[in-house]
Amino acid sequence: IALYRDSLDLEKIAGNTAGVARMLQSIGLVELVRGGFKEAVEAYSRSRDLFGQVSARDAREGRAFATLGLGFAQTAIGSIDAALTSYKVASSVFESLGRREQVGRAALGTSMAHAVRGAAQESLDAATLAAAIGRETAARDLEWRARVREGYALLALERPADARQAFESAVAIVEDPAEWEGEEPGAPSDDDRGSPHAGLAEALAALGEPRAALAAAERGRLRRLRDQ
């Protein structure tokens, strides 16, 4: 945050509006990851508005990224209607720019927002789209996060057998060492690489398989320890 604020001041002195917007977006991301959700909302909102003052394709893309980040921050503070609007706007721009992976991340955020408000079917539909785009673009972290969202939506719909399959798909991705060589954990969402196992444990418990559920929970704990 301190380094980005130093850069922010320099961009302001230089009169570089796009640079100021980029630094605000970077500050928003750090705030989001560390749990400063209100600060993230403020930073992403200012970044979005500033990018709107710059005329260029890069500025349009920057505005879309700021709007997507804003959606995640709005979801975190419970402003679900505003978050859904942000995801929809960002997705539309990314689609027009051919940024399919980011369309998928907007769908992932949409699934998370619907889950917060208890709309399980809408959450499932958005998560399924995100998972499909994750496969299409080879964005493996997007795919497993979307599979986790699918699993929880299916649990909410009282479909534990289908939820088990979704969680197992996510587990297979995070447990593949070839996928994560040199990869650092962390992303603007509430998931970590132990969450597929935790979801699988819930599904197995719902299916009446306590021993398998315990094993899955322990594997998730080990995954988190490895990441730490």
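Computed from the coordinates by the stated procedures, all read-outs in this text should not be read as laboratory data. Values in this document were obtained by computation on a predicted structure and should not be read as measured data. Cβ: placed from backbone, ideal geometry, glycine included. Neighbour counts: every protein chain shown.
Of note:
- Efficiency of FRET between residue 61 and residue 2 - r from beta-carbon atoms, R0 30 angstrom, step 0.05: 0.65
- Karplus (6.51, -1.76, 1.60) ³J(HN,Hα), θ = phi - 60°, over the range 80-91, in Hz, Gly and Pro reported as x: 5, 4, 5, 5, 4, 5, 4, 4, 5, 5, 4, 4
- The range 134-156 residues near the modelled residue 205 label - backbone nitrogen below 20 Å, point 7 Å along Cα→Cβ: 148-156
- Between the labelled values [x] 1.03; [y] 1.07; [z] 1.34, the entry that holds Cα Rg over 2.2 N^0.38 Å as derived from this structure is [y].
- Springs between Cα atoms under 10 Å define the GNM used for the chain, and in it the highest mean-square fluctuation of 176, 192, 162 occurs at 176.
- Per-residue ellipticity at 222 nm computed for the chain from its helices equals -26500 deg cm²/dmol, with DSSP H segments shorter than 4 residues left out and the rest contributing -39,500 (n - 2.57).
- Available extension along the chain between residue 10 and residue 140 is 43.2 nm, counting 0.36 nm per residue and deducting the alpha carbon span.
- The string of couplings for the range 18-31 from the Karplus curve (6.51, -1.76, 1.60, θ = phi - 60°) is 5, x, 4, 4, 5, 5, 5, 5, 5, 4, x, 5, 5, 4 Hz, one whole number per residue in order, with x for Gly and Pro.
- Remark: the range 1-134 carries a charge dipole of roughly 120 debye about the Cα centre, counting +1 on each Lys and Arg Cβ and -1 on each Asp and Glu Cβ.
- For the chain, the Cβ-based charge dipole about the Cα centre amounts to some 320 debye (Lys, Arg positive; Asp, Glu negative; other atoms uncharged).
- Table column - 3J(HN,Hα) (Hz), the range 157-166, Karplus curve with 6.51, -1.76, 1.60, x for Gly and Pro: 8, 6, 10, x, 5, 5, 4, 4, 5, 5
- Highest-first arrangement of 201-212, 104-115, where packing means the average Cβ count within 10 Å: 104-115, 201-212
- Comparing 96, 123, 47 in a Gaussian network model of the chain (Cα springs below 10 Å), the most mobile by mean-square fluctuation is 96.
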